[in-house]
1. Return the distance in nm (one decimal) between the two label points of a simple spin-label model at L320 and F104, each offset 7 Å from Cα along Cα→Cβ.
2. Any aspartates and glutamates with Cα under 13 Å of the K394 Cα? List them, leaving off those in the same chain fewer than 8 positions away.
3. Taking loop as defined by DSSP and a crowding limit of 10 other beta carbons within 10 Å, which GluC sites (Glu not before Pro) in the stretch 228-303 fit?
4. Determine, at each q value in 0.14, 0.25 (inverse angstroms), the log₁₀ of I(q)/I(0) that the Debye formula gives when each Cα of the stretch 249-315 is one equal point scatterer.
5. Please report the net charge: other residues with Cβ closer than 14 Å to the Cβ of L366, K and R +1, D and E -1.
6. Which pairs in the list K39/K202; K188/K358; K39/K153; K87/K202; K258/K358; K146/K292 are over 31 Å apart, alpha-carbon to alpha-carbon?
7. Any idea how far the Cα center of the stretch 261-279 sits from the one of the stretch 282-357, in Å?
8. What is the magnitude of the charge dipole of the stretch 181-267 about its Cα centre, with +1 placed on the Cβ of each Lys and Arg, -1 on the Cβ of each Asp and Glu, and no other charges, expressed in debye to the nearest 20?
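The values are calculated or read from the model by the stated rules, or taken from the named source; none is laboratory data. Just so we're clear, the structure is a prediction, and the values are computed from it rather than from any experiment. A quick note on method: Cβ atoms are made from the backbone with ideal geometry, for glycine too, and the neighbour counts reach across all protein chains shown. Areas reflect the complete protein model, heavy atoms only, side chains present, ligands, DNA and RNA absent. Shrake-Rupley method; radii C 1.70, N 1.55, O 1.52, S 1.80 Å.
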Amino acid sequence: MKILNFGSCNIDYVYLLDHITSIGETETTQGMNILPGGKGLNQSIAITRAGNNVYHAGCIGEGGELLLDILKTNRVDISFIERVNTKNGHAIIQVSKDGDNSIFLYPGSNEMILRDHVDRVFASFSEGDLLLVQNEINNLDYIVKKAYQARMKIILNPSPCNEKIQQIDLNMISYLILNEIEVKEISKCENIQKALAYFREKFPDLKVMLTLGNKGCIYQDKKEQRFCPIFKVDAVDTTGAGDTFTGYFVAGIANGEKIEKILQIASCASAISVTREGAALSIPYIDEVMEKINCLETNDTDMKAEILRIKIEEYVDENLTDASLDGLADFLGYSSIYTGTLVKKITGETYKKFLQRKRLDVSATLLLQTELSIDEIIKMVGYDNASFFRRIFKEKYGITPLNYRKGQIK
Ligand code: RIB
């Protein structure tokens, strides 16, 4: 099985700052680096550092020689990369002292991919081979269709997520690797479990790999959901962490590894990458990952708490009218007493307070966004006693439900 990565190659201009600059603010940088990057290039390097071979296809423009050099040094096959007479794509990256980043892109050469070029590349791949793509190149929908016609397995990382992704028929995709913002944007669901349910129902054959930053990751296919906690590290620069994860994930899939093992290795590789500056240069080799996998501590408790928080929210969202502690206990598979303690520990509120807050939040939204009568809303969110509802509503919002509705609509 061959792996083809059709993707971007960027020059990253990285600026080290105290914090991400706000609108209207001028901030002096504490340093700057010019580094190889681009989601495509980073992911190809992660694949080879994981120990696999990969063919990288795409375009390199003026000033992009350093990118070809790093790909070659990392054993990436560059025979499908074409040169174009345009400025190379680049990214302006701000990295804060906490390791967070903010990026904007100039696509340049990455948007010069011609259909002829795509056709030439796909002539060398066939059934069972893997295609990896992200959303930093042009002709993405054409590339996906060609791979589908060739019966290749397609792994899509819809990053950065924008309207181009809507053109892709997800029925053609085998694996979707995405983050919390992207999953919500594509599914149009604010709740993670609902977003995952959306994919399960609408695209039953699609395998979804959801990364949740410092909360870990969730893998879902039609049979199961698997969770993997993060490895605890001190973050220096998170740029490229998702690409490291993706590259290692793809390598694991290509090798036919078990999903638990793939998640663990990809998470560990991604954790190591955030301890170093830069994107491509921060990606660890497999030997280092295997050495550290048993030494680094995982944030199990946080992840379990996060999963439980998602489940508690899911139960209450789905059963707002007649939610009960016993019902939640049944849903989680615990005793009611233990469930009460758990809710307090995870949400910081008693079950009663938590439910009340959720009900009030929903009623406030319904007051503003619907024409339902206040009595209908009160019933819908699960209250029989209207005067009790009016009192707690006023305590929270400082005005009556009627004035809340009037005041906001006016
Ligand atoms: O995912 C990180 C990458 O995003 C950077 O290397 C930058 O080039 C942007 O494409």
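1. 3.8 nm
2. Cα-Cα hits under 13 Å: D361.
3. Counting only loop positions with at most 10 other Cβ atoms within 10 Å, the GluC sites (Glu not before Pro) in the stretch 228-303 are E297.
4. The Cα Debye sum returns log10 ratios of -0.54, -1.09.
5. Residues near L366 contribute -1 overall.
6. K87/K202; K258/K358; K146/K292
7. 24 Å
8. 360 debye
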